[in-house]
1. Of these, 222, 240, 252, which one is closer than 19 Å to residue 51 by Cα and either in contact (Cβ under 8 Å) with a residue 40 or more places away in the chain or surrounded by fewer than 17 Cβ atoms within 10 Å (Cβ to Cβ) (or both)?
2. Identify all residues within segment 13-30 that are closer than 15 Å to residue 230 by Cα and either in contact with a helix residue (DSSP H, G or I) (Cβ under 8 Å, 6 or more places away or on another chain) or without any contact (Cβ under 8 Å) to a residue 40 or more places away in the chain (or both); write none if there are none.
3. Of the residues in segment 26-70, how many are more than 21 Å from the chain's Cα centre (by Cα), at pLDDT below 90 and assigned to a strand (DSSP E or B)?
4. Looking only at residues in segment 234-262 that are part of a helix (DSSP H, G or I) and more than 16 Å from residue 56 (Cα to Cα), which one is modelled with the highest pLDDT?
5. Taking segment 206-220, which residues are touching a helix residue (DSSP H, G or I) at 6+ places or on another chain (Cβ under 6 Å) and in a helix (DSSP H, G or I)?
6. Which condition number does residue 233 fail, the rest of (1) under 20 Å from the mean Cα position of the chain (by Cα); (2) touching a residue at least 40 places away in the same chain (Cβ under 8 Å) being met?
7. Go through segment 89-102 and report how many residues are on the phi < 0 side of the Ramachandran plot, touching a residue at least 24 places away in the same chain (Cβ under 8 Å) and surrounded by fewer than 19 Cβ atoms within 10 Å (Cβ to Cβ).
8. Quick check: is even one residue across segment 94-105 within 20 Å of residue 191 (Cα to Cα) and touching a helix residue (DSSP H, G or I) at 6+ places or on another chain (Cβ under 8 Å)?
């Protein structure tokens, strides 16, 4: 990316140097409405969220994607040019771009996101039903905390789901068939990847709501600037929350006299040593 004239804070954030090694990077895409030639069309914006081996995490950047999976190679190349040499786990919808990802990060492995297809399905679900349906779908995927069901899950049987939301179980079943490699990861990698995936989808959903609240943008440039500015603020809030968690951990160590595990930047993310 060429930058002419003084570097603005947005551009500085987009081009900043990154760490060399990430344990996991989650890639997310968002359709953003923008005016073009008198009509509204969606522009696809990709953004990435990475976690270090010790648990710290950050938003890595954002990119406008033309309608071609081959352009993801530019995303991977930008990350590499900004210093990323190693990614252990790539997570997200990279259909058609796996070869480019693995060519850029030679020691990496690709895994599907559990949270992204789950969030897409829940868009069809009434808010009152969501807690029970989330637990039901996670149980199908073998992704319940500690493998336990909850009282909320008992509100719905599979037959109830088929009647209220036709096709949902079948669609989720197809997605679940691709989760085996991810759920078979050894600990603590499995827990770390799942934690980072959950943190990223939380950001994605808040960003999506902000975009919907704004409405169609004047052009693609304004849409991209809005998304980047939102991500910059989200990254700052995320780092501040991580600092609060670290202070709380240190306070616990001081009180107990014991060494507490590093909490990490993503909620619940363990340190990998």
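1. 240
2. Taking segment 13-30 first, the residues closer than 15 Å to residue 230 by Cα are 13-14, 28-30.
13, 14, 28, 30 - these are the residues of segment 13-30 that are closer than 15 Å to residue 230 by Cα and either in contact with a helix residue (DSSP H, G or I) (Cβ under 8 Å, 6 or more places away or on another chain) or without any contact (Cβ under 8 Å) to a residue 40 or more places away in the chain (or both).
3. Selection size over segment 26-70: 5.
4. 251
5. 207, 210
6. (2)
7. First, pick out the residues of segment 89-102 that are on the phi < 0 side of the Ramachandran plot: 89-91, 93-95, 97-102.
Then drop every residue that is not touching a residue at least 24 places away in the same chain (Cβ under 8 Å), which leaves 89-91, 93-95, 97, 100-101.
If we keep only those that are surrounded by fewer than 19 Cβ atoms within 10 Å (Cβ to Cβ) too, we end up with 93, 95.
The total comes to 2.
8. No: segment 94-105 contains no residue that is within 20 Å of residue 191 (Cα to Cα) and touching a helix residue (DSSP H, G or I) at 6+ places or on another chain (Cβ under 8 Å).
The values are calculated or read from the model by the stated rules, or taken from the named source; none is laboratory data. These numbers come from a predicted model, not from an experiment. Heads up, the Cβs are rebuilt from the backbone with ideal geometry, glycines too, and the neighbour counts pull from every protein chain shown.
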